[in-house]
1. Can you confirm whether Thr174 is in contact with a strand residue (DSSP E or B) (Cβ under 9 Å, 6 or more places away or on another chain) and away from the ligand (no atom under 16 Å from the Cβ)?
2. What about Arg157, is it of a type in the set (D, E, K, R), over 22 Å from Asp72 (Cβ atoms) and assigned to a loop (DSSP other than H, G, I, E, B)?
3. Could you look through the range 23-38, keep only residues that are more than 18 Å from the chain's Cα centre (by Cα) and not aliphatic (A, V, I, L, M), and pick out the one that is farthest from the ligand (Cβ to nearest atom)?
4. So which residues in the range 155-171 are among the charged types (D, E, K, R) and closer than 22 Å to Phe96 by Cβ?
5. What pairs come out if I take residues in the range 157-172 that are farther than 14 Å from Arg122 by Cα and pair them with residues that are small (Gly, Ala, Ser) whose C-beta lies under 7 Å away, six or more apart or interchain?
6. If you scan the range 132-144, which residues turn out to be on the phi < 0 side of the Ramachandran plot and free of Cβ contacts under 8 Å to residues at least 40 places away in the same chain?
7. Name every residue in the range 160-180 that is outside any loop (DSSP other than H, G, I, E, B) and over 16 Å from the mean Cα position of the chain (by Cα), in order of residue number.
8. Evaluate the range 88-102: report whether one residue or more is within 16 Å of the ligand (Cβ to nearest atom) and modelled with pLDDT under 90.
Amino acid sequence: MSASGDLQKMIFHVLKPGYNDEYKDFVRLSPNRAKAFPECPRCHCRIGPWEWLRPFRVKTTKSRCFGDLFTDKMVLTVSQGFREAAVAAQLKGLSFWDDHLEVYRSGSALFSQAPTYHVVHRNYSFTRIDPSGSGLVVQELVGCEHCNVMTRARVERLVIDELTWNGDDIFWPTGLYGACVVTSRFVEVVAQGSFANFTFIHQDEYVEDWQQGFFGSRSELNGK
Ligand SMILES: [Zn+2]
């Protein structure tokens, strides 16, 4: 087997909007959501947020400078251009609702300058992080061995347990509630298209310190 045929480890990144209010582009106006939250089939523990359902109406907190990623930190929406690039690159784990986002400036006036955004449909999977590789300090294990849902005190870096990864290019690992993880394939699509408003943290740079309420890159933490 040639060197190029060897199995290469995937590099993962965290998509930054997960926690920071500076990335909050809108608030949701329409309240519809799935009847139940997604749960672990074994222990019935909650593994993620309720899925938002149409109509997709939001009030923007921005007056200009709309990027290709537009989010309230939980729901991700993307521009038409990014959607086309993601489909062309065959990124996995990324699908879209047919309805566009309706962006309002106030409760009743549509914001005509806003680009067309597509709401990303969230897949639920049981990809887990490697606890020792990630330097994970568990506060409390809430779920079972299958879902590994927990509250954590500290994470030193992101190491995905690749045996539990289904190959998706975007996913929310169980046990790392709030963090959206993407592959380097996803990052390359963003770079090649110069898509705006995406910020990534390399897996070796990712740090969580719940005592300090910090989630971000190691260099940011050291600069605090
Ligand atoms: Zn479970």
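The values are calculated or read from the model by the stated rules, or taken from the named source; none is laboratory data. Quick caveat: nothing in here was measured; it's all calculated off a predicted structure. Cβ atoms come from the backbone with ideal geometry, glycine included; neighbour counts cover every protein chain shown.
1. Judged against the criteria, Thr174 is not a match.
2. Against the criterion (of a type in the set (D, E, K, R), over 22 Å from Asp72 (Cβ atoms) and assigned to a loop (DSSP other than H, G, I, E, B)), Arg157 qualifies.
3. Ranking the candidates gives Ser30 first.
4. Matches in the range 155-171: Asp168, Asp169.
5. Arg157/Ser134; Arg157/Gly135; Leu158/Ser134; Val159/Gly133; Val159/Ser134; Asn166/Ser125
6. Listed by number, the residues that qualify are Ser132, Gly133, Ser134, Leu136, Val137, Val138, Glu140, Leu141.
7. Selection gives Glu162, Leu163, Thr164.
8. There is no residue in the range 88-102 that is within 16 Å of the ligand (Cβ to nearest atom) and modelled with pLDDT under 90.
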